[in-house]
1. Mind giving me the FRET efficiency for K27 and A234? R0 is 41 Å, r the Cβ-Cβ distance, nearest 0.05 is fine.
2. If only Cα atoms are counted, what is the Rg of the stretch 168-284, and what is its Dmax, in Å?
3. Angle between the Cα long axis of helix 117-130 and the longest principal axis of the chain, 0 to 90 degrees, nearest 10?
4. Which semi-axes, in whole Å and largest first, does the equivalent ellipsoid of the stretch 68-170 have when worked out from the alpha carbon gyration tensor as the square roots of 5 times its eigenvalues?
5. Given that compact globular proteins tend to follow 2.2 N^0.38 Å, what is the ratio of the alpha-carbon Rg of the chain to that value?
6. Using Cα-Cα distances under 8 Å and only pairs 6 or more residues apart, what relative contact order does the chain have, in percent?
7. Which percentage, to the nearest 5, of the DSSP beta bridges contained in the chain is antiparallel?
8. Can you tally the lysine pairs in the stretch 1-155 where the Cα-Cα distance is under 18 Å and the two residues are eight or more apart, or on different chains?
Amino acid sequence: MKLNLVVDLSKYHDARIEEELLRKDLKVDVAHLQTLHDFDNWAARGLLQSYKPIGWAQIPDAYKDPQARFSGLFMLTFANSYNKNLVSAENAPRNYADFLKPEFKDKIVITYPHDDDAVLYMFDKITQQYGIDFIAKLQANGVQWVRGTQTPRDAVEVAKYAVATGTSGNFVPVESANTRFVLPSHDAFLTWAQTGAIFKQAKHPAAAKLYVSWMLSLPMQSSPRQFPLRKDVALQNGFKPLSEYNTNPEDFLAFMRDRARVERLKSLFERLIGPVQGISPLKD
């Protein structure tokens, strides 16, 4: 089956979808995005198809719509990363205060929090714990701010920078990779269910249903890079259930739904850090 996959930042995907809806020429069949509030909005407007895919019963209730209009497709966690050739495991940045260590000066790369709501959520947690002055201390230790959450991970992998936060990674490292991903030992970090839905106006509804069921099928879900979504999939060796960590997917959902607060925080961090600079990370 031929698939047309469009990769972009979620905030550009949803704008593109809104434009297509206004033009009455919706091209997308299925969307799965970080912008979780979009699914509430689209469902309330009657735009989403109710569908219970394969594996529906194994998806926790917190990650799916009771009316089956949208569902989590996989779990994502953002935390800290380091290059194993530049930083020892013992000195890896486990908690956010570790990024203030003198040995990391000018070796830090982080996504602008006011350019990505997931990173914004993390920095909201950071300033709640460490205070607003933490941002100035972090700036003084030499941060390269970038666009896109994949950008820091790529930069650490090629040793352009030594450490990063606000990006994803494998819980169990790929031995051939230079990057190692670590969860904070006590600081709050971000986990959410990347959510997907089928539009009622989908031009290929059968293919859309097949795609979502394939995404949630046991073969596809049985080897997660991070926390599993399905209840019948075991955790990776050495990791505890999500509930035993300082992370809360439902809290991120509530954060994303409070758009007025999100906009206030964006303005705050633009003031503290400066305007977002650079072209789209998909073109860089």
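The values are calculated or read from the model by the stated rules, or taken from the named source; none is laboratory data. Values in this document were obtained by computation on a predicted structure and should not be read as measured data. Heads up, the Cβs are rebuilt from the backbone with ideal geometry, glycines too, and the neighbour counts pull from every protein chain shown. The area values use the complete protein model at the heavy-atom level, side chains included, leaving out ligands, DNA and RNA. Shrake-Rupley method; radii C 1.70, N 1.55, O 1.52, S 1.80 Å.
1. FRET efficiency, K27 to A234: 0.60.
2. Cα-based Rg and Dmax for the stretch 168-284 come out at 18.4, 48 Å.
3. Compared with the principal axis, the helix lies near 40 degrees.
4. Taking √(5λ) for each eigenvalue gives 23, 17, 12 Å, largest first.
5. 1.02
6. 30 percent
7. Among the beta bridges of the chain, antiparallel pairing accounts for roughly 70 percent.
8. Close lysine pairs under the 18 Å cut-off: 10.
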